[in-house]
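Every number here is computed from the coordinates shown, using simple stated rules; none is lab data. Computed from a prediction, not measured in an experiment: that's the story for all the values here. Reconstructed Cβ throughout: ideal geometry from the backbone, glycine too, with neighbour counts over all protein chains shown.
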Amino acid sequence: MSNLKDKVVLMTGASSGIGEGTAKELSDNGAKLVLAARREERLQELTDEINQNGGDAVYKVTDVTSREQLQELAQKALDQYGRIDVLVNNAGLMPLSFMDKLKIDEWDKMVDVNIKGVLYGVAAVLPTMREQKAGHIINISSVAGHTVGPGMSVYSGTKHAVRTITEGLRQEEALAESNIRTTIISPGAVATELQETITDEDVLQGLKSSNMTPIQSKDIASTIRYAIEQPEEVAINEILVRPTSQQG
Ligand SMILES: NC(=O)c1ccc[n+]([C@@H]2O[C@H](COP(=O)([O-])OP(=O)(O)OC[C@H]3O[C@@H](n4cnc5c(N)ncnc54)[C@H](OP(=O)(O)O)[C@@H]3O)[C@@H](O)[C@H]2O)c1
């Protein structure tokens, strides 16, 4: 039987792309899901689909820039299922731009969602996982969390931060012998709605000239499943997943 069976998984950014694909993959393998994002219609549709297919999912409209809303999300999982086994901190934005365009509101949003949203997610589940003496926190970084290039300064900075925070958390939880696992997943180019937040025409032009074929959300979903399915004493701490044709 899959090690995923009946695990309670909280997933942020579940309304599209990698989050949606991962929710389906984990549900198909027996996980119970608490799905979060801002677009309620999408969450409702996904939850209905999962439940109609014999899965077990609920959703809560959640903006990850709100500490309170993430606390309420964790409470929903406890009220519904009595425990929290896995948090997938997946919500993220990527409005790439050259810094001289001074798109400061977009910088703020990336810091708020990509970094603070991840921190608030950790804060919402850590006390419960400590009490359970079990848990798994999976943070979605990026290949951009390992590198940087023109137009990617702030986004890369946020994704580097996700990796640093996760590695620090890993060391602290190992020190505390809390039995909490951490995993950093760093996708390369995946075909999702992520690029829709880009407003810098120069960045968009550059992306159009790339002839790389992105991989699919299901490819990241199966990687996340692999990390969760390991025996409790085995922590997959970090994985990069790129399209074979991706150079940087
Ligand atoms: N696609 C790629 O090539 C790629 C590569 C590397 C890393 N990643 C990372 O993968 C993660 C998922 O992205 P994706 O590619 O699947 O893109 P996506 O389809 O645009 O999904 C992003 C998700 O984040 C949610 N979100 C955004 N702001 C939010 C907020 N304030 N509160 C709650 N949820 C919020 C969105 O839901 P709502 O709008 O409904 O709130 C959506 O569900 C991100 O962290 C991204 O940085 C993606």
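Let me confirm something: among 153, 97, which residue is in contact with an Asp or Glu (Cβ under 6 Å, 6 or more places away or on another chain), over 27 Å from residue 230 (Cα atoms) and more than 11 Å from the ligand (Cβ to nearest atom)?
Details: 153 fails: in contact with an Asp or Glu (Cβ under 6 Å, 6 or more places away or on another chain).
Sole residue among the options that is in contact with an Asp or Glu (Cβ under 6 Å, 6 or more places away or on another chain), over 27 Å from residue 230 (Cα atoms) and more than 11 Å from the ligand (Cβ to nearest atom): 97.
Return the residues of region 188-203 that are more than 15 Å from the ligand (Cβ to nearest atom) and either outside any loop (DSSP other than H, G, I, E, B) or buried (at least 20 other Cβ atoms within 10 Å of the Cβ) (or both); say none if nothing qualifies. I'd like the intermediate steps shown before the answer.
First, pick out the residues of region 188-203 that are more than 15 Å from the ligand (Cβ to nearest atom): 200-202.
Result: 201, 202.
Out of all the residues in region 32-86, which are within 11 Å of the ligand (Cβ to nearest atom), surrounded by fewer than 22 Cβ atoms within 10 Å (Cβ to Cβ) and not basic (Lys, Arg)?
Quick first cut of region 32-86, residues within 11 Å of the ligand (Cβ to nearest atom) only: 35-43, 46, 59-66, 69-70, 73.
From what is left, the residues that are surrounded by fewer than 22 Cβ atoms within 10 Å (Cβ to Cβ) are 38-42, 60-61, 63, 65-66, 69.
40, 41, 61, 63, 65, 66, 69 - these are the residues of region 32-86 that are within 11 Å of the ligand (Cβ to nearest atom), surrounded by fewer than 22 Cβ atoms within 10 Å (Cβ to Cβ) and not basic (Lys, Arg).
Just to be sure, is residue 23 within 13 Å of the ligand (Cβ to nearest atom) and either aliphatic (A, V, I, L, M) or in a strand (DSSP E or B) (or both)?
Numbers: within 13 Å of the ligand (Cβ to nearest atom): yes; either aliphatic (A, V, I, L, M) or in a strand (DSSP E or B) (or both): yes.
Answer is yes for this residue.
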Residue hits (region 214-247; in a loop (DSSP other than H, G, I, E, B) and either within 12 Å of the ligand (Cβ to nearest atom) or charged (D, E, K, R) (or both)) are 214, 216, 232, 233, 242, 243, 246
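Does region 1-20 hold any residues that are among the β-branched types (Val, Ile, Thr) and part of a helix (DSSP H, G or I), and which are they? Show your work before the answer.
Here is the first cut: in region 1-20, the residues among the β-branched types (Val, Ile, Thr) are 8-9, 12, 18.
Scanning region 1-20 gives a single hit, 18.
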Sole miss for residue 185 among (1) part of a helix (DSSP H, G or I); (2) closer than 18 Å to residue 125 by Cβ is condition (1)
